Every structure is written in C-alpha cells, then in structure tokens.
Amino acid sequence: MSNLARHLDLDEQACADATLGGLLHDLGKACIPLEILNKPGRLDDAEMALMREHPAHGARLLREAGVENETILHMVLYHHERMDGAGYPAGLAPDQIPLLTRMSSVCDVYDAVTSTRAYKDPWDPAEALRCMVSWKGQFDMMVLKALIASLGIYPAGSLVRLSSDRLAVVLEQRPGNLTRPLVRVFYSARLRSHVLHVDVDLSAPGCSESITGIESPAAWGFRDLHKLWAP
C-alpha cells in the first residue's frame, strides 16, 4: 500500500493513511474462530458468512480503540468491495469507493493470492497479476495498472527462465531497467536438476543473460519457491 501510494504520487498524509490502513485492514480476523481461519478446505456457507463479518469487526475494534480517521476506517470496513458492485459487506457502487479503499482491495487480493494459506499454496507473483487483470470488473484498472508498474514487469518472487536455459527467481527490481532484475539462479531446465544458487544482476554491464519468459512453479513442481526469495 505504501509503495503503491508513492507510485501514484499521493501526498504524505495519504501515503501514511494507505500504510496504516494496509497494516490494520484485517484486524477483524482476530474475532473469527481459528478453526475457520485455518481450515484447509473450502468454507461452507455458514463459515463464509462468519468470515465475511471480519471487516465490520475490524472497524468496530478500531473505533473502540479511539481511531477516528475515517479514511482508514473505510479501508478496513470496505476492502472487499468491488468495482462491479459484487463485493461485501455493502455492495458499494464505484462512486462510493474512494481511491485508498480501491487501492486496499487490489493490494489485499494480490497479497492473499501470493501468500501461503492453510487452504492453498502461494501463486507466482507474475501469474497472480495476469489473473487479476483478467478478472474484468472487479478492480479499478488504473489502480491495478499502477500496482503492476510499482512492482515491476517481473515482480519479486516470479519464476523466470533465462537465456542459458536456467530457472531463477526474481529478487529485486532494477529501476533503470525493469526487464533485467536481480535474480537467484537455482535450477537447470535442460538437465532438470537443481544447481548451486547464484545471484545474477541481469542489468550489470557485460551480463549476457536475459529473461526469455515467465514459468509456472506448479508446472515444475516447486512448492517452496518463496524460501528462495522471501525475507
């Protein structure tokens, strides 16, 4: 949220609100039973109804704690609203969803699908963004495009194939050259075997390697790819 707010050139107060809203947006999950939060399978209708109460719980807890910032409270209560009106808890119309709340809905989904949860493995970051773009009507496309631009063409954690036919995971962007990030090589696609980990700055002078495409971790059977790049 902070990174996206700065990419959108919002003022310092809006950046601060975006950051705090991002940190607090799921506070209400503290009121949801752990057996629902940690259920490894799909929630049934009754469990989903309870889960959908977490935004209201979060807003209530913050008001009880003395938080009066309506921008933050709106993000907490309405971060599951969608631009097509199909979200919850209120099914808001687009003109009822302010910018920071639109940002929170986009960032919340991106974080959810790229994180390890009890019921799913994390999605590849680049694959997640491609899917989000395809979900027509759900997000403010200006905000989603800004998130993609702020994360880079190859977001951190993306699995990529190099011109050497090796596989690598993206570690960091290089602002001056978004197509040539810092990557960690760990696998030979040709030999289908792991290799000694080595970090390669594709933007470094004289580097002859380049990214030739994005790969699916699931297709290669990589289940713990985040351990290679996550802090």
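Miscellaneous remarks
- Selection count, segment 38-64, where residues are open to solvent by 80 Å² or more (accessible area, probe 1.4 Å) and of a type outside the set (D, E, K, R): 2
- Counted residues, segment 84-102 - those being under 21 Å from LEU147 (Cα atoms) and either among the hydrophobic types (A, V, I, L, M, F, W, C) or touching a strand residue (DSSP E or B) at 6+ places or on another chain (Cβ under 7 Å) (or both): 3
- Those strands (runs of 3 or more DSSP E) lying entirely in segment 132-231 with at least 2 residues β-branched (Val, Ile, Thr) and more than 21 Å from the chain's Cα centre (by Cα): 193-201, 211-214
- Residue ID - farthest from the chain's Cα centre (by Cα), chosen from residues in segment 44-82 that are assigned to a helix (DSSP H, G or I) and in contact (Cβ under 8 Å) with a residue 40 or more places away in the chain: THR71
One line per residue, one yes/no per condition, for (1) more than 27 Å from ASN3 (Cβ to Cβ); (2) touching a Gly at 6+ places or on another chain (Cβ under 9 Å); (3) of a type in the set (D, E, K, R):
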site: ARG63; (1), (2), (3): yes, no, yes
site: ILE97; (1), (2), (3): no, yes, no
site: SER105; (1), (2), (3): no, yes, no
site: ARG117; (1), (2), (3): no, no, yes
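- Failed criterion for LEU24 (all others in (1) more than 23 Å from ALA149 (Cβ to Cβ); (2) buried (at least 16 other Cβ atoms within 10 Å of the Cβ); (3) without any contact (Cβ under 8 Å) to a residue 40 or more places away in the chain hold): (3)
- Check on ASP124, in contact with a Gly (Cβ under 8 Å, 6 or more places away or on another chain) and not β-branched (Val, Ile, Thr): yes
- For segment 1-21, a residue qualifies if it is open to solvent by 40 Å² or more (accessible area, probe 1.4 Å) and among the charged types (D, E, K, R), and the qualifying residues are ARG6, ASP9, ASP11, GLU12.
- Counted residues, segment 169-191 - those being touching a helix residue (DSSP H, G or I) at 6+ places or on another chain (Cβ under 9 Å) and open to solvent by less than 50 Å² (accessible area, probe 1.4 Å): 7
- Residues that are open to solvent by less than 40 Å² (accessible area, probe 1.4 Å) and in contact (Cβ under 8 Å) with a residue 60 or more places away in the chain within segment 132-150 comprise VAL143, ALA146, LEU147, SER150, listed in sequence order.
- Taking the criterion of being among the β-branched types (Val, Ile, Thr) and within 22 Å of GLU127 (Cβ to Cβ), the residues of segment 172-199 that qualify are THR179, VAL183, VAL185.
- Taking segment 68-88 as the range and being surrounded by fewer than 16 Cβ atoms within 10 Å (Cβ to Cβ), among the aliphatic types (A, V, I, L, M) and more than 24 Å from MET141 (Cβ to Cβ) as the test, no residue passes.
- If the condition is being outside any helix (DSSP H, G or I), modelled with pLDDT of 95 or more and farther than 19 Å from GLU81 by Cα, then segment 8-43 contributes LEU8, ASP9, LEU10, ASP11, ILE32, PRO33.
- Candidate set from segment 89-131 (those that are in a loop (DSSP other than H, G, I, E, B) and under 23 Å from LEU171 (Cα atoms)); member that is least open to solvent (accessible area, probe 1.4 Å): ASP124
The values are calculated or read from the model by the stated rules, or taken from the named source; none is laboratory data. All values derive from a computational prediction rather than experimental measurement. Cβ atoms come from the backbone with ideal geometry, glycine included; neighbour counts cover every protein chain shown. Ligands, DNA and RNA are stripped out before the accessible areas are found, and what is left, the full protein with its side chains, is counted by its heavy atoms. Shrake-Rupley method; radii C 1.70, N 1.55, O 1.52, S 1.80 Å.
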